[in-house]
Amino acid sequence: MSKGKPFYLQVNPAACHTACPKGAEEGGSCVPPVPSPKYDGVWSGLKVPRLANFDVPLPNALGIGNDVKGVDKHYQRRVETMMSVDDMIESLVTKLETLGVLDNT
């Protein structure tokens, strides 16, 4: 990589998505987001905002139905996975700064 020459960088982390196999809509089960051990549980007790549409039925594939504790736990794990994405972005920006190409990326 030469300084001054722009380049394209695309990163697509799987966090904070739920992994659902094909056919999950018909009864297969999904795998909830899995946070890094570093962040697992750091948002313990976090709750989904109780907005006007909070009681909308969820797809059965998530495996939590409309169990409020299950919905909150799923939300918590999604937020915890995003902390690793923050780490990754910080690392990328730091590397690009170190290489002197951040402003031209």
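The values are calculated or read from the model by the stated rules, or taken from the named source; none is laboratory data. The structure displayed is predicted, hence computed values, not measured ones. Here the Cβ is made from the backbone with ideal geometry for all residues, glycine too, and neighbour counts use every protein chain on show. Surface areas here come from the heavy atoms of the whole protein model, side chains and all, with no ligands, DNA or RNA. Shrake-Rupley method; radii C 1.70, N 1.55, O 1.52, S 1.80 Å.
Any chance region 10-23 includes a residue that's loosely packed, with under 10 Cβ neighbours inside 10 Å, assigned to a loop (DSSP other than H, G, I, E, B) and either modelled with pLDDT under 75 or touching a Gly at 6+ places or on another chain (Cβ under 9 Å) (or both)? Reasoning before the result, please.
Here is the first cut: in region 10-23, the residues loosely packed, with under 10 Cβ neighbours inside 10 Å are 10-12, 22-23.
Checking which are assigned to a loop (DSSP other than H, G, I, E, B) leaves us with 10-12, 22-23.
Now restrict to residues that are either modelled with pLDDT under 75 or touching a Gly at 6+ places or on another chain (Cβ under 9 Å) (or both): 22-23.
Yes, region 10-23 contains at least one residue that is loosely packed, with under 10 Cβ neighbours inside 10 Å, assigned to a loop (DSSP other than H, G, I, E, B) and either modelled with pLDDT under 75 or touching a Gly at 6+ places or on another chain (Cβ under 9 Å) (or both).
Name every residue in region 24-50 that is out of contact with any Phe, Trp or Tyr (no Cβ under 8 Å at 6 or more places or on another chain), modelled with pLDDT of 90 or more, open to solvent by less than 60 Å² (accessible area, probe 1.4 Å) and closer than 22 Å to GLY63 by Cα, in order of residue number.
Listed by number, the residues that qualify are PRO35, SER36, GLY41, GLY45.
Please specify each residue of region 38-56 satisfying the condition of being basic (Lys, Arg) and free of Cβ contacts under 8 Å to residues at least 12 places away in the same chain. Lay out the reasoning, then the answer.
Let us first name the residues in region 38-56 that are basic (Lys, Arg), namely 38, 47, 50.
Scanning region 38-56 gives a single hit, ARG50.
Take LYS73 and tell me if it is more than 30 Å from LEU99 (Cβ to Cβ), basic (Lys, Arg), touching a helix residue (DSSP H, G or I) at 6+ places or on another chain (Cβ under 6 Å) and modelled with pLDDT of 75 or more.
Numbers: more than 30 Å from LEU99 (Cβ to Cβ): yes; basic (Lys, Arg): yes; touching a helix residue (DSSP H, G or I) at 6+ places or on another chain (Cβ under 6 Å): no; modelled with pLDDT of 75 or more: yes.
The answer is no for LYS73.
For region 51-90, which residues satisfy the criterion of being open to solvent by 80 Å² or more (accessible area, probe 1.4 Å) and at positive phi?
none
Would you check which residues across region 27-79 are farther than 19 Å from HIS17 by Cβ, small (Gly, Ala, Ser) and within 18 Å of the chain's Cα centre (by Cα) and list them?
Matches in region 27-79: GLY41, SER44, GLY45.
On the basis of being on the phi > 0 side of the Ramachandran plot and in contact with a Cys (Cβ under 7 Å, 6 or more places away or on another chain), does GLY100 make the cut?
Working: on the phi > 0 side of the Ramachandran plot: yes; in contact with a Cys (Cβ under 7 Å, 6 or more places away or on another chain): no.
When the stated conditions are applied, GLY100 does not pass them.
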